[in-house]
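The values are calculated or read from the model by the stated rules, or taken from the named source; none is laboratory data. Just so you know, these numbers come straight off a predicted model, no measurement behind them. Reconstructed Cβ throughout: ideal geometry from the backbone, glycine too, with neighbour counts over all protein chains shown.
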Amino acid sequence: MDKMRQGVGLTPFGAVAILVMLGILGWAVWYAVGAWTAMRGVTISTLGWVFMGLGVTVTFLVGAGLMALVFYSSRHDMDR
């Protein structure tokens, strides 16, 4: 039973990787909040919001499609 659990824990390298990623996420949130508050007087038109929504939707669909291709190729043994 102990042999099955080998390699399941978090390694020091994994902990450092998680800390680095959390640091990058924190910096990105800090930058986004700063940029958002710097534009207090700026207004976005309705057409701007429409294109913003379309951009988010298309980006999500492209990401979902690429992930579907990854899983499809993995299941059908096309990864060589």
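Going through Leu22, Leu54, Leu10 one at a time, which residue ends up being under 23 Å from the mean Cα position of the chain (by Cα) and loosely packed, with under 10 Cβ neighbours inside 10 Å? I'd like the intermediate steps shown before the answer.
Details: Leu22 fails: loosely packed, with under 10 Cβ neighbours inside 10 Å; Leu54 fails: loosely packed, with under 10 Cβ neighbours inside 10 Å.
So the residue among Leu22, Leu54, Leu10 that is under 23 Å from the mean Cα position of the chain (by Cα) and loosely packed, with under 10 Cβ neighbours inside 10 Å is Leu10.
Please verify whether Gly63 is at pLDDT below 95, in a helix (DSSP H, G or I) and either on the phi < 0 side of the Ramachandran plot or surrounded by 10 or more Cβ atoms within 10 Å (Cβ to Cβ) (or both), treating the condition exactly as stated.
Values: at pLDDT below 95: no; in a helix (DSSP H, G or I): yes; either on the phi < 0 side of the Ramachandran plot or surrounded by 10 or more Cβ atoms within 10 Å (Cβ to Cβ) (or both): yes.
No: the conditions fail for Gly63.
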